[in-house]
Amino acid sequence: MAQVRHSLLISGARFQLFEIVVDERHLLQEFIDGLSEAEQKKVGALLHRTAENGLPRSNEHFKKLDDDLFEFKAHQVRIFCAFRGKSILVLTHGIKKKKDKHDKQDMERAKHLLKQLDEQKG
């Protein structure tokens with residue numbers, strides 16, 4: 001079974017953002033590293049603003065997808081996340097969305113990673 005844990009990504013006045021780490025692979029950081037410099041800046045600014053000031057008020061930048069699953073949005077870049085407490089957001093992984101609807105497998109992957117994290121945390 002894969003070892004799943006979380007690692008602090010950004011700590012701000014309003015939220016702490018954690019990324020999921022699977023077998024010592026930082027899935028979100030690997031995804032962000034693969035983006036263009038412009039995309040990295042947009043995503044970084046969005047995440048830092050959220051940590052400091054709270055959730056974006058616009059569905060254009062943050063949206064509920066399912067009961068416990070949300071996404072950050074910066075143009076075609078999507079980062080899946082879920083709340084774990086009032087001020088903790090766990091970010092699972094990112095994708096570049098090229099069609100109107102999400103592939104079900106992307107959402108299922110996020111849910112699976114969160115379930116694994118919750119189970120291993122006990």
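Wholly within the range 55-114, which strands (runs of 3 or more DSSP E) include no fewer than the required count, namely at least 2 residues that are closer than 16 Å to Phe15 by Cα?
Those strands (runs of 3 or more DSSP E) span 70-74, 77-83, 88-96.
How many of the residues in the range 43-54 are without any contact (Cβ under 8 Å) to a residue 24 or more places away in the chain and either touching a strand residue (DSSP E or B) at 6+ places or on another chain (Cβ under 6 Å) or loosely packed, with under 13 Cβ neighbours inside 10 Å (or both)?
Counting residues in the range 43-54 that are without any contact (Cβ under 8 Å) to a residue 24 or more places away in the chain and either touching a strand residue (DSSP E or B) at 6+ places or on another chain (Cβ under 6 Å) or loosely packed, with under 13 Cβ neighbours inside 10 Å (or both) gives 1.
Considering only the range 70-83, state which residues are hydrophobic (A, V, I, L, M, F, W, C) and either buried (at least 16 other Cβ atoms within 10 Å of the Cβ) or at positive phi (or both).
Phe70, Phe72, Ala74, Val77, Ile79, Phe80, Cys81, Ala82
Out of the range 26-46, which residues are part of a helix (DSSP H, G or I) and either under 21 Å from Val4 (Cβ atoms) or touching a Pro at 6+ places or on another chain (Cβ under 8 Å) (or both)?
Leu27, Leu28, Gln29, Glu30, Phe31, Ile32, Asp33, Leu46 - these are the residues of the range 26-46 that are part of a helix (DSSP H, G or I) and either under 21 Å from Val4 (Cβ atoms) or touching a Pro at 6+ places or on another chain (Cβ under 8 Å) (or both).
For the range 8-38, give me each residue that is surrounded by fewer than 17 Cβ atoms within 10 Å (Cβ to Cβ) and of a type in the set (Asp, Glu).
Of everything in the range 8-38, those that are surrounded by fewer than 17 Cβ atoms within 10 Å (Cβ to Cβ) and of a type in the set (Asp, Glu) turn out to be Asp23, Glu24, Glu30, Asp33, Glu37.
With the structure loaded, tell me whether Ala51 is assigned to a helix (DSSP H, G or I), over 27 Å from Lys121 (Cβ atoms) and out of contact with any helix residue (DSSP H, G or I) (no Cβ under 6 Å at 6 or more places or on another chain) or whether it fails that test.
Working: assigned to a helix (DSSP H, G or I): yes; over 27 Å from Lys121 (Cβ atoms): no; out of contact with any helix residue (DSSP H, G or I) (no Cβ under 6 Å at 6 or more places or on another chain): yes.
Taking the combined requirement at face value, the residue does not satisfy it.
Can you pull out the residues in the range 74-122 that are under 18 Å from Met1 (Cβ atoms) and of a type in the set (A, V, I, L, M, F, W, C)?
Within the range 74-122, Leu113, Leu114, Leu117 meet the criteria.
To keep it simple, each residue is scored yes or no on (1) surrounded by fewer than 12 Cβ atoms within 10 Å (Cβ to Cβ); (2) touching a residue at least 12 places away in the same chain (Cβ under 8 Å); (3) not acidic (Asp, Glu).
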| residue | (1), (2), (3) |
| --- | --- |
| Lys41 | no, no, yes |
| Ser58 | yes, no, yes |
| Gly85 | yes, no, yes |
| Ile95 | no, yes, yes |
| Lys104 | yes, no, yes |
| Arg109 | no, yes, yes |
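What number of residues in the range 65-105 are touching a helix residue (DSSP H, G or I) at 6+ places or on another chain (Cβ under 7 Å) and polar (S, T, N, Q)?
Here the count works out to 1.
Tally the residues that are among the small types (Gly, Ala, Ser) and in contact with a strand residue (DSSP E or B) (Cβ under 9 Å, 6 or more places away or on another chain), restricting the search to the range 1-33. Spell out the reasoning first.
Narrowing the range 1-33 to residues among the small types (Gly, Ala, Ser): 2, 7, 11-13.
Now drop any that are not in contact with a strand residue (DSSP E or B) (Cβ under 9 Å, 6 or more places away or on another chain), which leaves 2, 7, 11.
So the answer is 3.
Taken together, the values in this text are just the output of simple stated rules run on the coordinates, not laboratory data. All values reported here derive from a predicted model rather than from experimental measurement. Reconstructed Cβ throughout: ideal geometry from the backbone, glycine too, with neighbour counts over all protein chains shown.
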